[in-house]
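Remarks on the structure that follows.
The values are calculated or read from the model by the stated rules, or taken from the named source; none is laboratory data. Being a predicted model, the structure only gives us computed values, none of them experimental. So basically every Cβ, Gly included, is an ideal-geometry build from the backbone, and we count neighbours across all protein chains shown. Side chains included, ligands, DNA and RNA excluded: accessible areas come from the protein's heavy atoms. Shrake-Rupley method; radii C 1.70, N 1.55, O 1.52, S 1.80 Å.
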Amino acid sequence: DAMVIQNPRYQVTQFGKPVTLSCSQTLNHNVMYWYQQKSSQAPKLLFHYYDKDFNNEADTPDNFQSRRPNTSFCFLDIRSPGLGDAAMYLCATSRDGGNEQYFGPGTRLTVT
Amino acid sequence: GESVGLHLPTLSVQEGDNSIINCAYSNSASDYFIWYKQESGKGPQFIIDIRSNMDKRQGQRVTVLLNKTVKHLSLQIAATQPGDSAVYFCAETPNTGNQFYFGTGTSLTVIP
């Protein structure tokens, strides 16, 4: 089945230690997104890729970076995680011009 | 650790009754409005969308109403079933770019 896969599902990192979250898709969608979702809150858009073009949200901290080496893969890098970065991180895809986003199951990040 | 989350608005309905979930939006320039369903431990799942030039759109057991005068969106679920228990989010997308912005969710509980 075509899908959006996120690895790992649970990630524990230490305060200040860089961490990378991974997302892959078999849908061949050209748009990929990263969201941060804290407990009982709405997903918050961090940035998205339109093909290779990176689009950062104005309020996304510099601590968050992303890479998209090819259509299928996208990575979220947190350079120096703080306690406030503990959250669920959701990856999603969509086709250009489409309103239907396809979400992965998320990676729950814990910062100790 | 994770910051304390906000309390989601909650709605409890009896199985078989109709549910109405409401959402207020702020951006008059949004092109489309979308409803998502998020079950515990999963990513959001697309339910239905409506273009800003429409007032009503129906899907299978769901109807979305858009009132642009008061910037209000609602999702009606007919004959609510236990499987409908989830958190429901509205989202909006501007008429420029591929971004999606989520509003505050509502937690729906269906009582058997």
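A few notes on this one:
- For the stretch B:2-112, the solvent-accessible area with a 1.4 angstrom probe is 52 square angstrom per residue.
- Most mobile of B:Gly41, B:Gly16, B:Gly83 in a GNM of chain B (Cα contacts under 10 Å): B:Gly41
- For chain A, built as a Gaussian network whose Cα springs stay under 10 Å, the top-fluctuating residue of A:Leu83, A:Leu21, A:Leu45: A:Leu83
- Carbon plus sulfur fraction of accessible area for chain B, probe 1.4 Å, in percent: 48
- Interface residues in the stretch B:72-109 - accessible area drops by 30 Å² or more relative to the isolated chain, probe 1.4 Å: B:Phe89, B:Asn98, B:Gln99, B:Phe100, B:Tyr101, B:Phe102
- Label-point separation in nm, B:Arg51 to A:Asp59, each point 7 Å along Cα→Cβ: 3.0
- Restricting the calculation to alpha carbons of chain B gives Rg and Dmax of 14.1, 43 angstrom.
- If you bin all the Cα-Cα distances of the stretch A:1-92 at 5 Å, starting from zero, the percentages per bin are 3, 13, 26, 26, 19, 10, 3, 0.
- Rounded to whole numbers, the Karplus 3J(HN,Hα) couplings from phi for the stretch B:50-61 are 9, 7, 5, 8, 10, 9, 8, 8, 10, x, 7, 6 Hz, using 6.51 cos²θ - 1.76 cosθ + 1.60 with θ = phi - 60°, and x at Gly and Pro.
- Within the accessible surface of chain A, defined with a 1.4 Å probe on protein heavy atoms only, the carbon and sulfur portion equals 47 percent.
- Summing both sides, the accessible surface hidden between A and B at a 1.4 Å probe radius is close to 2100 Å².
- Selection from A:Thr107, A:Ser94, A:Thr71, by position along the positive dipole direction of the stretch A:33-112 (Cβ): A:Thr107
- Local net charge near B:Asn18, Cβ-Cβ under 12 Å (Lys/Arg +1, Asp/Glu -1): -2
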